[in-house]
Amino acid sequence: MKYLDYIKKWGTAAVVAVCLCTSCDYLDVVPPEQANLQHATSTEDRALGFLYSCYRGITATDPTWTNYLNEVISSTDETVLPYSWSADGMWDEYAFNTATAMNQNWIWGTTYQYVGQCLLFLQEIEKMDPNLVAPETVTIWKAEAKALIAYYHFCTLRRYGPIPITDYYIAMDAPQSEYRGRYHFDYCVDWIANQLDEAEQDLPTVREKSDEWGRMTKVITKCIKARLLLYAASPLWNGEFPYPQWTNKNFETPGYGYELVSHTYDASKWDRALKACQEAISLAESAGYELYDNEDFYATKQLPLPYVPGVTDGDITDEAAKEKFLKTVMKMRYVVATRSVDGNKEIIWGNWNHDMNGSYARLPLRIIRYTGGSWWSGYSGVAPTLNSVEAFYTKNGKLPARDPEYTPQADWLKESGIRHTFTNAENQSVTVNIANLHVGREPRFYAWIAFDGGEFAPKLMDGKPLNLDMRNGAIHGYDPTSFNRDHSVTGYLTQKFISPSIEFNTSGSGTWGDDAPSIQIRLAELYLNIAECYAAKGDVANALNYLNRIRRRADVPELTTGDVTSDMPIMEWVRNERFIELWGEGHRFYDVRRWALGAKYFGEGVRRGLNAASVTNPPRDTFYQDIPVPSPYVWSNRMYLNPVFYNEVYKNPQMVQAPEY
Ligand code: GAL
C-alpha cells in the first residue's frame with residue numbers, strides 16, 4: 001500500500017475506525033480499548049494502515065493553499081478575500097479579531113486527537129505478534145509515531161503558546177487534580193526538541209522508495225526542530241510577549257513555577273536555533289536536497305515562454321538575458337508545482353494535494369465561453385494586496401520604494417507606455433497600457449502575481465494564454481449584477497500553485513495540468529531560517545551568503561554588505577526575502593506573530609489594493625488608485641494566541657485561558 005494513496009483514500013475512515021474518539025480534546029485523547037483494536041495490528045498491512053492514519057492530522061492542522069478559507073492562509077497581509085465570503089471558513093475571525101473561546105477553530109482538538117492516535121499506535125504495536133513484521137520495521141514505525149507526536153505538539157504550540165504536554169494516557173477516571181495545565185513555553189520547546197532528537201535516531205535519512213515519500217525521515221525531524229527553535233528564539237517568545245501578568249494559577253511547570261512565558265531576552269536561544277539550522281541544512285544537502293533550478297522544464301511540457309511586459313516587448317537587446325529572465329519566471333512557478341519524480345529535490349516534506357477548490361478560488365472569473373454560450377469561470381477570490389505587490393523586488397533586487405533607478409512612487413500606478421494588445425476572453429481585441437509598477441520587476445513577481453494586462457497561464461484559454469482584462473465587468477472585472485459574491489478585491493490575482501499546463505477548451509474539456517504536493521518544508525525555508533539566525537546574531541556576511549543563494553536561484557541580483565544600511569538593516573532584508581520567497585505558503589501567519597509585529601503588518605488600514613471593486617467598468621484613473629481594502633481588518637495583541645475552547649478551561653481547573661479571551 002502506498003502512503004499517499006492510503007492518505008487520500010483511507011485516512012479519514014481509518015481514524016474513525018481505529019480511534020473511536022468520542023470527543024476531541026486533549027483529556028480524552030485515548031479512547032477506551034475496544035475489542036476490534038487488535039485487528040488493527042493483525043497483519044503487517046493493517047498495522048501499516050494504522051500508522052498511516054497517524055499522519056492524517058498533518059493537513060488538518062497545517063492547511064495548505066488549497067484551503068483558502070482557512071485563517072492561516074487567508075487572514076494575513078499576503079492576500080485578501082471578498083468580504084462576502086466572511087461567513088465561509090474561519091479566515092475572517094482571525095483577520096477581524098472576532099475569534100472567541102466559543103467559536104474558535106478547533107485545531108487543538110485535532111492535534112490532540114492525532115497525538116492520541118499516535119499514542120494508541122505505540123501501545124498496540126507492542127502487542128503485535130513479533131512474527132508478523134521485522135523488528136527493524138517496528139523500530140522505524142515507532143520513531144515515526146514519536147516524531148508525529150512531537151510535530152502535533154509543535155503545531156499546537158505555535159497557535160496557542162504554552163500547552164499541556166500529552167505523552168501518556170490519562171485514564172478516563174483520573175481525578176481532576178491529575179489533569180495537566182499549560183507548561184511553560186520554553187519547557188514545551190525543550191520537550192518537543194527532545195522527542196524529535198529521540199525519534200530521529202531510528203528514522204531513515206531519506207525515503208528511497210517513491211511510495212514512501214512524505215513519511216518521516218531524519219531530515220524532516222531536523223527541519224522541524226530547526227523551525228521550532230527559530231520560533232522559540234524569535235521576539236514574541238524571547239522577551240517581547242505583551243502579557244507579563246499572564247501565569248498559571250494552579251499548575252506548575254517543573255523548574256518554572258507558575259510562569260508561562262519568559263520575559264527576558266536570552267541570546268543563547270539564537271545560538272541554539274542556529275545550531276539546529278546548521279545541522280538540518282548539512283544533513284539535507286548531504287542527502288541530495290538542492291534548490292530547484294531546472295530552467296527547461298516548461299519546454300518538456302510543450303509550453304511557450306510567458307509574456308512579461310517590458311521584457312517580452314521592451315528594449316532589452318540582449319536576447320540571451322531576455323530568455324534567461326523568462327525561463328526563470330517559469331522555473332519559479334515550477335518550484336512549487338513539480339514533484340520529486342519530476343526532479344524537484346527542493347521539497348523535503350509535502351502532502352498529497354488534489355483539491356481543486358483552491359484553484360477555482362485563484363482562477364479569474366470568465367475564462368472561456370463554451371460552444372453552447374455558457375462560461376467556465378473561476379472565483380477571482382484570492383487577491384494579492386498592494387502591500388505584497390510592493391514587497392517583491394525590482395529587477396535590480398531592491399524594494400521599489402528604495403531603488404533609486406526605479407519609477408518614483410508617485411508614478412507607480414500611471415501608464416508605463418508599454419501597451420499589451422491581446423484577444424480577451426470575449427474574443428475582443430484589447431490594449432492595456434501597463435502600469436509602471438508592473439514593469440521592471442523581478443522574476444518571482446511575474447511568476448506568481450497576476451495583474452491587469454498581464455498573462456495568466458500560457459494555455460488556459462483554449463490552448464492560448466489568458467490575458468487579464470481586470471477593468472472589464474463583463475469578464476474579469478467587478479460587476480455585482482453578474483457575480484454577487486466573487487471578485488478580486490484588490491485588482492490582482494495569483495497564479496502561484498496553479499500548474500502552468502492548465503488548459504480548458506470551448507468544448508468543455510480540459511486539464512488542471514500536473515499534480516504537485518502541497519509543501520510542508522522546502523530547502524529555501526531552511527536557508528531563510530538560518531539567514532534569520534545569523535541576522536539576529538549580527539553576522540551579516542553569513543546572513544547574506546544564505547539570502548544570496550535564494551536570490552541567485554530567482555535571478556535576482558545578489559546583495560553585498562553595502563546594501564545593508566540603517567534604512568534597510570539585515571533583519572529587514574531577511575524578513576522581506578522570506579515574505580517574497582515563501583509568499584502564500586502558510587508561513588506569514590506565524591512569522592508576523594513570532595516577530596511580534598502584528599500591529600505593523602496586520603493592523604487596521606494596513607492592507608491596500610487598487611480601487612477594483614467599487615465601480616463596474618471603471619475608467620483607468622478610477623481603477624488605478626491605491627486604497628485601503630474596505631473590510632474591517634484590525635489587530636489586537638490578544639491575536640498573538642488563539643483562544644482555547646471554553647470547555648477546556650471549564651472542566652480542567654489547571655487550565656488558564658489565553659489573555660483577553
Ligand atoms: C461557492 C460559490 C462560489 C464562490 C465560493 C467561495 O459557494 O459557489 O461562487 O463564491 O463559494 O468559497
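The numbers here are math on the coordinates, done by the rules we state, and not lab data. As the structure is a computational prediction, the values presented were derived from the model and not from experiment. Note that we place each Cβ from the backbone using ideal geometry, even for glycine, and neighbour counts take in every protein chain shown.
Per residue, the average separation of C-alpha pairs within less than 8 Å and at least 6 apart gives the chain a relative contact order of 17 percent.
Classify the stretch 313-397 from the C-alpha gyration tensor, please: rounded if a/c falls under 1.5, else prolate or oblate depending on whether a/b exceeds b/c.
Oblate is the answer for the stretch 313-397, as a/c is 1.5 or above yet b/c matches or exceeds a/b.
Using a ≥ b ≥ c from the Cα gyration tensor of the stretch 105-225 (square roots of the eigenvalues), is it rounded, prolate or oblate, where a/c under 1.5 gives rounded and otherwise the larger of a/b and b/c decides, a/b for prolate? Note, shape of the stretch 105-225 comes out oblate. Fewest neighbouring Cβ atoms within 10 Å first, the residues I502, I170 line up as I170, I502. Annotation for the stretch 403-460: GluC sites (Glu not before Pro) lying in DSSP loop with at most 16 further Cβ atoms inside 10 Å of their Cβ are E405, E426. Under the combined filter of DSSP loop state and at most 16 neighbouring Cβ atoms within 10 Å, the stretch 443-509 retains none of its chymotrypsin sites (Phe, Trp or Tyr not before Pro). Calculate, for E660 and Y265, the FRET efficiency according to 1/(1 + (r/R0)^6) with r their C-beta to C-beta distance and R0 35 Å; round to the nearest 0.05. Approximately 0.90, to the nearest 0.05. Remark: spin-label model distance T247-Q176 equals 2.3 nm, labels positioned 7 Å along the Cα→Cβ axis. Only lysines eight or more places from K322 in sequence, or on another chain, were considered; those with a Cα closer than 27 Å are K301, K331, K345, K395, K398, K414, K459, K464, K496.
By the count of other C-beta atoms within 10 Å, a proxy for reagent exposure, I220, I125 are ordered fewest to most as I125, I220. In a DSSP loop and with at most 16 other Cβ atoms within 10 Å, the GluC sites (Glu not before Pro) in the stretch 219-278 are E240, E252. Full extension of the segment from E390 to S282, taken as 0.36 nm per residue of separation minus the current Cα-Cα distance, would add 35.5 nm. Loop exposure criterion: trypsin sites (Lys or Arg not before Pro), DSSP state outside H, G, I, E and B, at most 14 other Cβ atoms within 10 Å. Applied to the chain, the longest stretch between such sites is 250-484. By the Cα gyration tensor, the stretch 38-185 has an equivalent ellipsoid whose semi-axes, rounded to whole angstrom, run 35, 20, 12 from largest to smallest.
List M102, M128 from most exposed to least, where exposure is judged by having the fewest other Cβ atoms within 10 Å.
M102, M128
Measuring from a point 7 Å past the Cα of E295 along Cα-to-C-beta, which residues in the stretch 542-575 have an amide N at less than 16 Å? It comes to 551-558, nothing else.
Rounded to the nearest 0.05, what FRET efficiency do Y258 and Y650 give with R0 = 30 Å and r taken as the Cβ-Cβ distance? Could you check?
That pair, Y258 with Y650, gives E of 0.90.
Calculate, for M568 and D129, the FRET efficiency according to 1/(1 + (r/R0)^6) with r their C-beta to C-beta distance and R0 60 Å; round to the nearest 0.05.
Using R0 = 60 Å, I get an efficiency of 0.40.
For the stretch 323-473, what does the alpha-carbon gyration tensor say about shape, rounded, prolate or oblate, given a ≥ b ≥ c as the root eigenvalues, a/c under 1.5 as rounded, and a/b over b/c as prolate? Note, shape of the stretch 323-473 comes out oblate.
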